[in-house]
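Have a look at the structure below before the remarks.
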Amino acid sequence: MTGVTRLFVAVWPPTEVVEQLMSLPRKDLRGVRFVPPDNWHLTLRFLGEASIGDAIAALDDLALPEAHVELGPAVDVRFRRMIVVPASGLDALAAVVGRHTGGIGTHDPERFVGHLTLARLGKRASLPDVVGARFDAAFDVGEIALVRSRLERDGARYETIETWSVDGPTSRDR
Ligand code: 2AM
């Protein structure tokens, strides 16, 4: 598959973890944009605009380290504009992905800080109740995903293009 588009590499949390996250409060508040549960992910590397073919070539045949993710201990605020659940255990995996995709895309690799974004805050938004809520979940990463992001009026649409297990590629063109 070819074509330049907005791409990132991520881990999709398993259904049980998504269900656990759904128990956190998500009350509508002015200026607070909650990420829909279907879009919850842990970004390993944001590529910006990048060639799908280049990204797949960079990620094919890598030895991906196993990762055990721990989410928590509490919902937090990042950069005053994101409501996140901190995530540990992804540093080695993110480092391998970052190293092998370094020259790809319009966005250079950044220092990795594991997190799952629950909401984004507008300029004058007040902090939602969920900040500070205790959260505790863990899972083993089965695969990483190359994801296409389409920015639409009502938010981002994500589509998995390919996944790789910690042992190698598992699917193409999904
Ligand atoms: P995050 O919410 O986990 O930080 C797709 O755009 C994803 O890439 C976003 O959900 C965001 O994940 C991550 N990302 C990291 N840096 C970004 C940037 N500069 N612009 C847009 N998305 C970025």
Condition broken by Pro13, with the remaining ones in (1) more than 16 Å from the ligand (Cβ to nearest atom); (2) within 19 Å of Leu93 (Cα to Cα); (3) within 19 Å of the chain's Cα centre (by Cα) satisfied: (1)
Of those in segment 25-58 that are of a type in the set (A, V, I, L, M) and away from the ligand (no atom under 16 Å from the Cβ), the residue nearest to Gly132 (Cα to Cα) is Leu29
Let me spell it out: the conditions are (1) closer than 21 Å to Pro37 by Cβ; (2) of a type outside the set (Gly, Ala, Ser); (3) assigned to a loop (DSSP other than H, G, I, E, B); (4) modelled with pLDDT of 95 or more, and Arg148 meets all of them except one. Which number is the exception? (3)
Restricting to segment 28-56, name every residue that is among the basic types (Lys, Arg) and out of contact with any Phe, Trp or Tyr (no Cβ under 9 Å at 6 or more places or on another chain). Arg30, Arg33
Here's a check for you: in segment 103-162, which residue that is closer than 21 Å to Pro14 by Cα and touching a Gly at 6+ places or on another chain (Cβ under 6 Å) is farthest from the ligand (Cβ to nearest atom)? Asp136
Strands (runs of 3 or more DSSP E) (entirely within segment 56-111) containing at least 1 residues that are surrounded by 20 or more Cβ atoms within 10 Å (Cβ to Cβ): 68-71, 82-88
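The values are calculated or read from the model by the stated rules, or taken from the named source; none is laboratory data. Values in this document were obtained by computation on a predicted structure and should not be read as measured data. Glycine also receives a Cβ, built like all others from the backbone with ideal geometry; neighbour counts cover every protein chain displayed.
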